[in-house]
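Take a look at the structure below.
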Amino acid sequence: MRTAAAPKFYETKKFKDNLKQTIIFIVLLAGSVLVLSPLWWMISTSLKSPAEIAQYPPTFVPKEFQFSNYVEAWKTAPFTRWAMNTFFIALCGMAGSVLVNSLVAYAFAKIRFKGRNALFIVVLSTMLIPGFVTMVPQYILFSKLGWVNTYLPLIVPAFLGSAFFIFLLRQFMMFIPNELIEAAVLDGANHLQIWWHIMLPLTKPALITVAIFSFNGAWNDLLGPLLYINDESLYTLQIGLQTFKGTVQTQWHYLMAMSVMVLLPVVLLFFFFQKHFIEGSNIASGTKG
């Protein structure tokens, strides 16, 4: 009786699995290089001298690392003041987005009232309106209120709710068992107490997701400050970056150095809260906890 021949190494399941994993790794590595190449170019340019930036062909690694670019760029303008302004706007906007949107989402998710679904559809339909359509009426309104050249037009809208954040939080809260709310009602809790003591702790991943999105949006906002801020002492970092752009010449080494420093807080925020961000983006994770 003839014994079956042993399969060749490239026919084994282990080889096929390893080959599949290797191909996936190569594809992901190539994609990562493609995505991160602009970031590397920005960091590399921030460490070059003006002469090296202008030379052709360009260099991907600086010949001499000019770390002094970061110090000099920060000294060219009151960036400390502008950084504090930006942090203030971003933190206020983040707090408003988390509190207001979670409260509205709780009402849509757990409170039954007449016309709830129709009103929720109206809220979602506002996502179809481009921001440029409301820009002029909004500016006229804030101008009539005397809010131009203040931070109010940049902060107050965050306390008026966002359709996307309301939808995200509502869908997350829908997975939380109603039995928890019924038990709280039997214990004498009102809706505000239920929202504060039950819903907010259980929706922490989704709240962190909203916080990251709102902070990132306020931190990187350029159009809003350009429209409403006139006083240089009230500038944000995004407007401050424009100081390196001249009509004749752009100081690319300073511009890229400051761009790296402006980008750093957002990267650190996502790095430390990425686990909660991923959980919050997964609506089904609302069943956890």
**Complete:** the chain, Gaussian network, Cα under 10 Å: of 146, 31, 131, the residue fluctuating most is 31
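Leaving out ligands and nucleic acids, note down the accessible area per residue over region 68-164 with a 1.4 angstrom probe, in whole Å².
The answer is 58 Å² per residue.
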**Request:** With a/c under 1.5 counting as rounded, go ahead and sort region 1-129 into rounded, prolate or oblate using the C-alpha gyration tensor (a ≥ b ≥ c being the square roots of the eigenvalues; past the cut-off, prolate if a/b is larger than b/c, else oblate).
**Result:** oblate
**Asked** Which value at 222 nm does the chain reach when only helices count, each DSSP H run of 4 or more adding -39,500 (n - 2.57), with the total divided by all residues and rounded to the nearest 500 deg cm²/dmol?
**Response** -21000 deg cm²/dmol
**Asked** Rounded to the nearest 0.05, what FRET efficiency is calculated for residue 183 and residue 126 with R0 set to 30 Å and r the Cβ-Cβ distance?
**Response** 0.30
**Loop-resident sites, region 43-134, for chymotrypsin sites (Phe, Trp or Tyr not before Pro), counting at most 16 other Cβ within 10 Å (DSSP)** = 60, 65, 67, 113
**Prompt:** So, with a 1.4 angstrom probe, what is the percent of accessible area on the chain that is carbon and sulfur?
**Reply:** 69 percent
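Below 8 Å, C-alpha to C-alpha, sequence gap of six or more: please give me the relative contact order for the chain in percent.
30 percent
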**Asked** Taking the Cβ-Cβ separation of residue 43 and residue 174 as r and a Förster radius of 41 Å, what is the calculated FRET efficiency to the nearest 0.05?
**Response** 0.45
**Highest-MSF residue in the chain out of 211, 118, 257 [GNM, Cα springs under 10 Å]** = 118
**Message:** Spelling out what I want: for every residue of region 160-169, take phi, set θ = phi - 60°, compute 6.51 cos²θ - 1.76 cosθ + 1.60 (Karplus), and round to whole Hz; glycine and proline get x.
**Reply:** 9, x, 10, 4, 5, 5, 4, 4, 4, 6
**Request:** Springs between alpha-carbon atoms under 10 Å, Gaussian network over the chain: tell me which of 134, 45, 236 tops the mean-square fluctuations.
**Result:** 134
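The values are calculated or read from the model by the stated rules, or taken from the named source; none is laboratory data. It should be emphasised that the depicted structure is a prediction, and the values quoted were computed from it without experimental measurement. Backbone-built Cβ (ideal geometry, glycine too); neighbour counts: all protein chains shown. Side chains are part of the model used for accessible areas, which takes the heavy atoms of the whole protein and leaves out ligands, DNA and RNA. Shrake-Rupley method; radii C 1.70, N 1.55, O 1.52, S 1.80 Å.
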